[in-house]
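The values are calculated or read from the model by the stated rules, or taken from the named source; none is laboratory data. Small disclaimer: the values here were computed from a predicted structure and weren't measured. No Cβ is skipped: glycine too gets one built from the backbone with ideal geometry, and neighbour counts run over all protein chains shown. Accessible surface is based on the protein model in full, side chains and every heavy atom, while ligands, DNA and RNA are left aside. Shrake-Rupley method; radii C 1.70, N 1.55, O 1.52, S 1.80 Å.
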Amino acid sequence: MNNIADYVLSKVFFKSDDCNHGCSCIERSTGATVRSFKYSYAARVILSLLGLLLRKCKDPKKYLNILYSYHTFRFCGFISSYTFISQFLLCLMKLLMGNKQYQAFLSGLIAGMTSIQFIKREDRKTYALYLIVRSIETRFSQQLKDKNYIFILLFAIMQTINGYVYFFEQDCFGQDQLGTYQKIAFQ
């Protein structure tokens, strides 16, 4: 058992044979995490400032509070932890199993469901639904390239379930998601 752990650690801190990046797996994951934190922080601050400007807020403390707001860092934690877990898990799967087609789908799904803990409890359902649909869409796109029509049928079934829930089980959606669907449907 100790030999397996040594093997995995030596490969992770260097590079798996199936990985296409030029640096070690941990270096790639860490670099991508720092970049995603930087970009998500900038985006969150800009959108929050824009929201305050549109509401014509005159309190300068609110503008400054956005820079070090708990909610800003919580959102950045969600994005950056998702990036780190998905990148690192993808490299680890390539190391242990070789390069398989489903690994990006699986690492993204696991990373999304793990990182969702950074999101406020009342918003988690909305983010989870989005992540599940995005993971299925990613798998759908790959299967479309490979002309695997079973997964195309699966995607159609998932969209049908989503439509059913919208029309008959609206209490499953959060108010923000339901509002978005109603705006799209012009209701």
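Numerical summary
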| quantity | calculated |
| --- | --- |
| Contact order normalised by residue count of the stretch 55-187, Cα under 8 Å, 6+ apart, percent | 18 |
| Kyte-Doolittle at least -0.5, axis length at least 30 Å by Cα - qualifying DSSP helices, the chain | 25-54, 70-97, 124-145 |
| Relative contact order %, the stretch 108-164, counting alpha carbon pairs below 8 Å whose residues are six or more apart | 26 |
| Two-site label geometry, ASN148 and ALA5: point separation in nm, points 7 Å out along Cα→Cβ | 3.5 |
| Pairs of lysines in the chain (C-alpha under 20 Å apart; 8 or more residues apart or interchain) | 7 |
| Residue-count net charge about LEU67 - beta-carbon cut-off 13 Å; Lys, Arg +1, Asp, Glu -1 | +3 |
| Highest-fluctuation residue, VAL165, VAL45, VAL133 considered, GNM on the chain with Cα pairs under 10 Å | VAL165 |
| Whole-number accessible area per residue in Å² for the chain, which is evaluated in the context of all protein chains at 1.4 Å | 67 |
| 11 Å beta-carbon shell around LEU109, net charge (K/R +1, D/E -1) | +2 |
| Protein accessible area in the stretch 65-156, 1.4 Å probe - carbon and sulfur % | 66 |
| Residue-level accessible surface for ILE161, protein heavy atoms, 1.4 Å, Å² | 90 |
| Cysteines, the chain, no other Cys beta-carbon under 4.7 Å | CYS19, CYS23, CYS57, CYS76, CYS172 |
| Stokes-Einstein D (µm²/s) once Rh is taken as the Kirkwood radius of the stretch 86-168 over alpha-carbon pairs, at 20 °C in 1.002 mPa s | 151 |
| Relative packing of 36-43, 166-173, which averages over residues the other C-beta atoms within 10 Å, highest first | 36-43, 166-173 |
| Distance histogram in 5 Å bins (all Cα pairs of the chain, percent per bin) | 1, 7, 11, 13, 15, 15, 14, 10, 7, 4, 2, 1, 0 |
